[in-house]
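To keep things clear, I will list the structure first and then write my remarks on it.
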Amino acid sequence: MEPYRPQGKSSITTSSTTNLPLYRSAPPLEVKLEDFELYAIDRLRVLKGISDGLSRGKKSEEMEERVRELWNTNMKHPQASEDVNKDIISHFVLRLVYCRTEELRKWFLSMETILFRHRFLYAGSESQKQVVAELGLPYKPISYAEFEAVKDKLVQVARLFGLTVPSGDAIYYKVPWEEVPELVAGRRIFLHKGYAYITMYQVVSLAATQFRSYLSKALSLTNRKWTSTIREQEKNRLTPIVEALCTSYLGPDYSQLREYGDVSIKDLDQIAKSSFPLCMRHLFEKLKEDHHLKHGGRMQLGLFLKGVGLKLDDALAFWKAEFSQRVGAERFDKEYAYSIRHNYGKEGKRVDYSPYCCQKIISSSPSVGDHHGCPYRHFSEDNLRAALGKMGVNNRTMDDIMDKVRNRHYQLACTLTFESIHGLSCDAGINHPNQYFIDSQKVLQSKNNSTA
Amino acid sequence: MFISSRFKRTELAEPGGKGNFPPKLLIFPQFLSRLPPFLFLITSLSPEPNPSIPVFRSNFITCFPSVSLPFRSVFPFAASTLQQFTGAVAKMVTAAVENQESDMVEGNEQKPKNIVSDGFDANYLKIYYGKLFPHADFFKWMSYGNDGKHPGSDQSYFGRREFSFTLDNDIYLRFQSFNSLSEMENSIKEKCPFKIDIGPVYSVDPAKRHAYAGDNVFTPVERELVFDIDMTDYDDVRYCCSGADVCLDCWPLMTAAIKVIDTTLRDDFGFNHILWVFSGRRGVHCWVCDGKARRLSNEQRAAIAEYFHLYQGNESSRKKISLTGPVLHPFLARSYIEVLKDSFESQLLCSQKIFSTEERYEKILDMIHDESITSELRGRWQDNRRPSKNDVNSVRWEQLKNMLQSGKHKAKGTRRHVEEIVFSFTYPRLDLEVTKHMNHLLKAPFCVHPKTGRICVPIDPEHCDEFDPTTVPTVAQLLEELNAADMEVDSETDWDRTSLGESIRFFRSSFLQPLLKSCKEEIESSHNLKVQQSKNSLSW
């Protein structure tokens, strides 16, 4: 097999000083084509594992454990000296794989940043310092007088997050808040006059932000290079590998279904009852009840219905039938029809939007008047019990489900619901409302066939 | 003789025909098949001093299929010059006021009967934009010191800003841009928009965006950090009105929001140039205009929005707000102590009668997850038939507080419920999306709200308690004041003789002047830096 020579060189670097590379430039290495693919798959296992962990709502400490474990099982090379190379090569291969669309880039960027974050946390202070220096982070330690002046507030924030209360020799850094948007968003720091007071521990956030923005730029560059030259040049060699790599792991894209167009409006009521997951069933019922849904709800349900196979014309008719009872047909045409057509890629950027997956729904933040989101996460226990009861979940399973919910395993809770209603196990787990729907339809069809 | 507004329009529109307005409506069938039904392409020849070089402009105009396009009514006064017109209408307004008692013309069914005091009429806009709207201040603001006087100023700055006009019948003109004060002023006076929205500053002139299509060259580069607070989002915690209505009983919700956000933007984020504006009906807008704020990325904007955001629960969760952790974040603690607690206890508690009926107090008991407490309180409140000289709401609130904060229940962590209740009823509810993205449009200050006719006047955050949304001048009132005053005086300061004067003076002295001063300093120092750098590179 012909070796891949990214830069036509054949030297092997041995001078890697840190075990936490920033992936500034592609390695001048020779890589065997099979390694090219195998390394990438190993790294994908890690990233996919992180993504799964997130969608199960894992807490930060649990994630830390998980990431370390994933890394050690997948990314260790038999020869320890090769670890760094494997790390770098696999990163650059996946960069190529995930540079090609906005959605792929976004996923890769998030997962790589989380990976970097956790690796940074357990990298040891020497590596940390080195990375911080390499990233050129602009922070200054605050003086003792300044510390005393804001000490009360720092104590308040530290207590809020269960950290040790800072004492006289605690080191705090002062950075412009714009550098640490993550910490600001989570109210994890004390803010004063435009400066965030961060602990050494939080420096990781700084590092991760820098890493992320650098990688984001690099990905767009790679994408430009990919579309302009690499794809064509490597048509017979790398392109097939690259193209196969991402689909093998992201799961099916529910925006283009084989069953597309199979569902008509009159069937909706019936299939909503039999095969919609709770989140969609709830939205569907609320829509029928109130003849209205707010934006988040319209997006979540609308794209799901598209994935189920409701054609654009039917979708317009369906939404209009409901909304016009509340706002009138004229206002519907004026204010709402556009966004439905937009969802189907007929307006604006003309992107055929994909239905939301569980992770996206779980991480949404429904507010007053909203009905979207994941019921297992966003409902109160009483409401969830009532809703599940209505779906026909028995009491014993109910307790199991509540148990999963309390441990924030929302997708597992949904899977249990599926199993309870359909009376058979679902080993793959529920990752997507449309997957729930399709699996449910399959079960029902096979039941019908066997009774017929 | 009473002149109905409809009649006036037609009469005033008669002199038209000389100019090249109203625009021609061109509908291309081939476009229609691909575009949504409500997108038409309207091309117009904009009025141009030299008719031999007409400027050809094309605008995508969104209008809707159910609405026919009566251009007469859209651009009723296109060709009439301002002088002819303002005089004429002003006189008519006077006439109408004088005669409103005696004359009621039939066939005027949908127009308000009392045309001066009641809100809004498209005709008023022409005079408002002609005589009162502070074009020059507006231009100075949006230029941020880039006025060409300083070598370091950016001449193209103002011209890259998107304005969006909403005309009669919901016709939207997006991506309007102007290269000078006079260009902007003329366009506003000529089109007489019902609403002016301000968008971001783009990388290139938004009117020429199609020339850069496909290359991602046309992107927003600067935009004020904005906040939009709308009273409708508080419908579950106000009992006096709902939807679009506001009154003095619920307005304290807005006052509390202004105080919390203003203090936080200044003390925590270090911003200085903040403009608060009444949205004309039921809410407020906030414009943070510091250079630093204008250059924030979407991610940083989202971080600010999240910093302010408290999870409010949704329709299916029991709790509205939950405050976890052993203490409150310093920002929330300050908001509670300095603003929310007082706003709740001394204003909203009684004005909204929060505990007055069973349905209302049940909603609060629902937030307390301790059966023993809720049943005891419920028992007391249901039996409580004795008339008390104190307000029932205050009495019940004190009882609830005592119960939750008593030593008996302290261990169960129920103390926090008091704060949670106050936060649920008073904490600002932001439209997060508006804040998070650079390219959201927001209505410009000093617009006239098309439904109420009220002017979107600035609000002084330091005296926001005194602000009364029900006495904000309407356009009709201003015109009346203008009429009453002497017409002979210099037209530059017409506004000074109306109740708009106070607002404009406040806008200038408290917002515009300090803002421009710091913009100049910023331009100066970045220019010096550049000069220094180029000197350094020359010396090598």
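The values are calculated or read from the model by the stated rules, or taken from the named source; none is laboratory data. Just so we're clear, the structure is a prediction, and the values are computed from it rather than from any experiment. Heads up, the Cβs are rebuilt from the backbone with ideal geometry, glycines too, and the neighbour counts pull from every protein chain shown. Quick note on the areas: whole protein, heavy atoms, side chains included, nothing else; ligands and nucleic acids left out. Shrake-Rupley method; radii C 1.70, N 1.55, O 1.52, S 1.80 Å.
List of remarks:
- Peptides B:441-454, A:329-342, ordered by how many other C-beta atoms sit within 10 Å of their residues on average, highest first, read B:441-454, A:329-342.
- Annotation: aspartates and glutamates with alpha-carbon distance below 20 angstrom to A:Lys286 (same-chain offsets under eight excluded): A:Asp267, A:Asp269, A:Asp314, A:Glu322, A:Glu335, A:Asp370, A:Glu381, A:Asp382, B:Asp233, B:Asp235, B:Asp236, B:Glu315.
- Pairwise FRET efficiency - A:Lys235 versus B:Arg295, Cβ, R0 = 35 Å, nearest 0.05: 0.25
- Only one residue of B:Leu500, B:Asn528, B:Ala476 has its Cα farthest out toward the positive end of the dipole of segment B:427-540, where Lys and Arg carry +1 and Asp and Glu -1 on Cβ, and that residue is B:Asn528.
- Mean-position separation - Cα centroids, segment A:179-234 and segment A:378-418, in angstrom: 37 Å
- Pairs over the 25 Å Cα-Cα cut-off, from the set A:Lys193/B:Lys530; A:Lys360/B:Lys443; A:Lys266/A:Lys447; A:Lys106/A:Lys311: A:Lys193/B:Lys530; A:Lys360/B:Lys443; A:Lys106/A:Lys311.
- Modelled label positions at A:Lys217 and A:Asn407, each set 7 Å beyond Cα in the direction of Cβ, lie 4.4 nm from each other.
- Annotation for A:Met200 and A:Ala145: the two label points, set 7 Å from Cα along the Cα-Cβ direction, are 2.5 nm apart.
- Packing-based order for A:151-162, B:153-164, using average beta carbon neighbours within 10 Å, highest first: B:153-164, A:151-162
- Debye, to nearest 20: dipole size of segment B:177-278, +1 on Lys, Arg Cβ, -1 on Asp, Glu Cβ: 320 debye
- When every Cα-Cα distance of segment A:397-452 is counted in 10 angstrom steps from zero, the calculated P(r) takes the values 24, 49, 21, 5, 0 percent.
- Between B:His437 and B:Asp245, the C-beta separation translates, for a Förster distance of 22 Å, into a calculated FRET efficiency of about 0.15.
- Chains A and B together bury some 3500 Å² of accessible area, summed over both sides, with a 1.4 Å probe.
- Segment B:277-387: relative contact order in percent, alpha carbon pairs under 8 Å with at least 6 residues between: 13 percent
- Ratio of Rg to Rh over chain A (Cα coordinates, Kirkwood Rh, two decimals): 1.01
- Nitroxide proxy distance, nm - points 7 Å out along Cα→Cβ at A:Leu22 and A:Glu69: 3.3 nm
- Under 19 Å from the Cα of A:Lys59 - aspartates and glutamates, other chains or at least 8 residues apart: A:Glu69, A:Glu112, A:Glu182, A:Asp403
- Residues in segment A:407-439 that a label on A:Asp52 would reach, taking backbone N under 14 Å of a point 7 Å out along Cα→Cβ: A:411-412, A:427-432
- For residues of B:320-327, the mean tally of beta carbons on other chains within 10 Å: 2
- Gained length - A:Val351 relative to A:Ser339, 0.36 nm times residue gap less alpha-carbon distance: 3.1 nm
- Distance from segment B:199-235 to segment B:502-540 (C-alpha centre basis), Å: 24 Å
- Average beta-carbon neighbours from other chains, 10 Å sphere, peptide A:179-192: 5
- Cα centroid of segment A:420-452 to Cα centroid of segment B:449-463, whole Å: 57 Å
- Summed over qualifying helices (DSSP H, 4 residues or more, each -39500 (n - 2.57)) and divided by its residue number, chain A shows a 222 nm mean residue ellipticity of -19000 deg cm²/dmol.
- Of B:Lys341/B:Lys401; A:Lys32/A:Lys76; A:Lys349/B:Lys195, those spanning more than 22 Å from alpha-carbon to alpha-carbon: A:Lys349/B:Lys195
- Overall form of segment A:31-125 per C-alpha gyration tensor (a/c, 1.5; a/b vs b/c): oblate
- In this structure, A:Ala317 and A:Asp267 have a Cβ-Cβ separation that, at R0 = 22 Å, corresponds to a calculated FRET efficiency of about 0.95.
- Dipole in debye (nearest 20) - segment A:20-124, about Cα centre, beta carbon charges: Lys, Arg +1; Asp, Glu -1: 320 debye
- Protection proxy ranking, highest mean first, for peptides B:493-501, B:418-426, A:369-377: A:369-377, B:418-426, B:493-501, where packing is the per-residue count of other beta-carbon atoms within 10 Å, averaged.
- Inter-chain shielding of A:370-377 (mean C-beta neighbours from other protein chains, 10 Å cut-off): 2
- Whole-percent pair-distance distribution, where bins are 5 Å wide, for the alpha carbons of segment B:416-540: 2, 8, 10, 12, 14, 13, 11, 9, 7, 6, 4, 3, 2, 0
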